[in-house]
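Let me begin by presenting the structure, written as structure tokens, before commenting on it.
The values are calculated or read from the model by the stated rules, or taken from the named source; none is laboratory data. As the structure is a computational prediction, the values presented were derived from the model and not from experiment. All Cβ positions, glycine included, derive from the backbone under ideal geometry; neighbour counts span all protein chains shown. In case anyone asks, the SASA skips ligands and DNA or RNA and just uses the protein heavy atoms, side chains included. Shrake-Rupley method; radii C 1.70, N 1.55, O 1.52, S 1.80 Å.
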Amino acid sequence: DRQTLVAVLQFLRRSNLRESEEILRREARLLGDDLGGNVATVATSSPGVAVVAAVPPGKGEARGDCRVGPSSRREPREVGSPCAARSLSVMLGHKGRFGGAVVVEDQPDVSAVLSAYNQQGDPTLYEEYYSGLKHFIECSLDCHRAELSQLFYPLFVHMYLELVYNQHESEAKSFFERFHGDQECYYQDDLRVLSSLTKKEHMKGNETMLDFRTSKFVLRISRDSYQLLKRHLQEKQNNQIWNIVQEHLYIDIFDGMPRSKQQIDAMVGSLAGEAKREANKAKVFFGLLKEPEFDVPLDDEDEEGENEEGKPKKKKPKKDNVGSKSKKQDPNAPPQNRIPLPELKDSDKLDKVMNMKEAARRVRLGPECLPSICFYTFLNAYQGLTAVDITDDSSMIVGGFADSTVRVWSVTPKKLRSVKTAADLSLIDKESDDVLERIMDEKTASELKILYGHSGPVYGTSFSPDRNYLLSCSEDGTVRLWSLQTFTCLVGYKGHNYPVWDTQFSPYGYYFVSGGHDRVARLWATDHYQPLRIFAGHLADVTCTRFHPNSNYIATGSADRTIRLWDVLNGNCVRIFTGHKGPIHSLAFSPNGRFLATGATDGRVLLWDIGHGLMVGELKGHTDTIYALRFSRDGEILASGSMDNTVRLWDAVKAFEDLETDDFTTATGHINLPENSQDLLLGTYMTKSTPVVHLHFTRRNLLLAAGAYSSQ
């Protein structure tokens with residue numbers, strides 16, 4: 001309408017944004033250039049079109065055009081090039097916190113115009129609008145009904161919030177009571193939060209709802225279903241709903257068959273709907289980096305072993321393609337120097353040699369040969385066990401506790417010893433062969449070391465690959481780096497302002513990642529006190545973090561029920577996975593780097609193909625939150641541990657074979673999960689009364705599990 005245009009053009013002129021002003025004039029077909037500050041009349045060629053100032057990108061059916069909402073039955077008319085309205089939305093769209101209400105304090109005319117958002121339709125008709133749409137969707141053909149039913153939840157929330165925002169409290173209450181029972185069961189937690197928002201003041205401080213208002217809820221719908229919906233809303237002149245669809249939903253339209261209820265249910269459930277297909281298109285280098293070449297000295301038993309099996313022992317023995325590290329450069333691997341990785345020290349090389357020798361004696365697992373499981377139960381952990389980690393060589397185990405202590409145990413006969421004091425060290429002959437042994441102080445030898453320093457529960461712990469350092473993160477907002485030579489704190493990294501829920505070292509050491517209540521993950525290097533990268537995008541707490549085996553990517557799981565994959569090099573989000581119905585609490589990459597397994601409070605383990613950005617499996621069986629996931633060393637078996645006091649073993653080879661990742665599936669997300677995951681379940685192992693919080697496969701494929709005995 002003219003008033004809007006005049007105000008916006010004045011704003012542009014005052015802000016010296018001549019170019020945008022010109023474009024908008026051209027688009028709106030403004031005649032002449034008046035000098036008095038008032039803009040010439042608008043030549044409205046068709047009375048049914050209202051020109052809306054700020055049209056965020058992606059409003060139209062396709063990404064390339066900006067469309068303008070209809071105010072009559074006419075088709076929405078395109079406003080030429082996308083630039084004018086879009087540049088405006090970029091300038092204005094980030095200032096307001098509530099969707100369309102653009103609040104510009106010092107611009108009374110603009111705020112007056114754009115507050116039109118507040119005077120939405122007749123509050124008494126909201127129930128009628130919603131039930132009308134509900135009736136239409138329920139009466140539509142089966143193939144469209146499943147897809148269009150996705151609209152119920154976001155429309156319900158936005159209509160309710162709109163009523164509350166405009167202070168129609170009794171109408172909002174009756175709207176909520178009438179329709180909240182129709183929503184899918186996996187939105188119950190969100191609805192509980194929503195039901196407590198009954199006044200406009202409540203909305204101001206509620207971050208979850210602010211995010212819901214400002215981030216677009218993504219629905220993936222086939223073109224046929226979308227056309228059906230559009231026609232219905234325009235025939236009914238149901239502008240209220242059409243406005244919400246235009247303003248707050250992002251409809252990702254695909255060509256092809258509509259998806260079935262089962263296919264949709266597998267993918268929805270996150271705080272902001274599904275991921276846009278665009279979000280999973282970027283190329284990901286999921287291959288492994290080439291192992292450095294060096295000779296492994298063979299000892300006698302290795303010689304015999306070699307003759308019997310006829311396999312060379314230089315590298316890890318060839319397994320099937322799931323976990324083998326070949327000498328050739330993996331075609332999907334990132335360039336070796338894509339991110340700077342630390343040089344290998346002599347001690348690292350020695351450790352790799354040990355690792356290869358162990359690997360030679362590794363048990364080959366499979367459905368016929370399941371791993372033995374050794375369970376470490378923390379007894380009398382009245383301090384409240386909150387985190388566990390085990391070193392790669394399985395020699396030490398660490399527990400983080402709610403009393404803010406970090407406790408490190410040796411699980412081999414070798415006791416933990418500190419380095420001698422400086423005075424004693426000066427007396428040592430530095431040239432002797434056993435200097436590394438001599439610097440250790442025997443008087444300090446013990447099975448357990450307690451590390452004090454945090455001032456709140458410790459939620460995450462991680463050993464460095466070389467076993468010289470230990471990370472811990474806490475409710476106090478810090479991540480601490482401890483020396484395992486002196487058992488003292490070396491650095492406290494302060495970057496998060498709120499509790500830090502998880503931290504993990506890179507498989508190459510040096511880098512580590514942390515994620516917390518402030519909804520971002522941070523990438524650190526041990527020698528920098530500021531983060532190197534900040535990964536922002538989640539709509540709720542980042543609850544768990546994991547490095548990809550090649551260290552070029554980081555996966556984060558969040559309470560917004562999505563998993564994101566981030567590129568360490570540039571900080572971009574390269575994958576968004578939706579499908580879990582509750583906060584994510586565990587992540588595990590397969591040893592070959594191709595797949596990711598995720599576990600959440602919904603008791604499901606979901607499997608993802610990283611290269612194609614697709615869900616490829618769903619493992620059902622657990623009845624409570626899954627806190628631990630780990631692939632065996634060669635990737636044949638996936639172990640999951642849960643609060644339901646069980647460890648379950650799944651056949652990973654079978655889960656990932658015969659994947660149909662054709663172009664159509666990749667393009668539209670028509671995933672076909674097997675009906676029954678029970679044929680992938682190889683075994684379930686109960687503990688007496690111990691929730692499983694950590695799992696670890698030793699280098700020989702013995703499975704270690706850990707948890708604190710709970711007496712209830």
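Contact order for region 122-259, expressed relative to its length and based on alpha carbon pairs under 8 Å spaced 6+ residues apart, stands at 30 percent.
Only protein heavy atoms count here; on that basis, with a 1.4 Å probe, residue 204 has an accessible area of about 120 Å².
Which order do the peptides 260-272, 402-414, 468-480 come out in when sorted by mean C-beta neighbours inside 10 angstrom, highest first? Spell out each step's value before the answer.
Working: 260-272: 18.8, 402-414: 16.2, 468-480: 23.5.
Result, highest mean first: 468-480, 260-272, 402-414.
The alpha carbons of region 212-257 give a radius of gyration and a Dmax of 11.2, 31 Å, in that order.
How much accessible area per residue does region 456-520 have, in Å², with a 1.4 Å probe? Before the final figure, lay out the partial values.
Details: 2080 Å² over 65 residues.
For region 456-520, the solvent-accessible area averages 32 Å² per residue.
Enclosing the Cα atoms of region 122-259 in their convex hull gives a volume equal to 102 cubic angstrom per residue. Across the options 197, 185, 158, the greatest Cα extent toward the positive end of the charge dipole of region 122-259 (unit charges at beta carbon of Lys, Arg, Asp, Glu) belongs to 158.
Using a 1.4 Å probe on the protein heavy atoms, what percent of the accessible area of region 122-259 belongs to carbon and sulfur? Carbon and sulfur: 48 percent of the exposed surface of region 122-259. Ligands, DNA and RNA aside, residue 429 has an accessible area near 80 Å² when probed at 1.4 Å.
Find out how many positive minus negative residues lie around residue 534, taking Lys and Arg as positive, Asp and Glu as negative, among other residues whose Cβ is under 12 Å from that of residue 534. Display every interim value, and only then the final one.
Details: positive: 519, 522, 533; negative: 518.
Computed value for this residue: +2.
Under the shape rule built on the C-alpha gyration tensor, where the axes satisfy a ≥ b ≥ c, region 531-591 is oblate, since a/c reaches at least 1.5 while a/b does not exceed b/c. Per-residue packing, averaged as other Cβ atoms within 10 Å, sorts the ranges 540-551, 493-504 into the order 540-551, 493-504, beginning with the highest.
Would you rank 27, 22 by solvent-accessible area, highest first, keeping every protein chain in place and using a 1.4 Å probe?
22, 27
Go through 199/230; 283/654; 216/236; 216/581; 216/494; 173/199 and tell me which ones have a Cα-Cα distance over 21 Å in this structure. Checking Cα-Cα distances, 199/230; 283/654; 216/236; 216/494 exceed 21 Å.
Highest average first, the peptides 518-526, 362-370 ordered by how many other beta carbon atoms sit within 10 Å of their residues are 518-526, 362-370. Residue ranking by accessible heavy-atom surface, 1.4 Å probe, largest first, among 688, 420 comes out as 688, 420.
For 216, 430, the ranking by accessible surface with the largest value first comes to 430, 216, using a 1.4 Å probe.
With Cα atoms as the point set, region 375-489 shows a radius of gyration and Dmax of 15.2, 48 Å.
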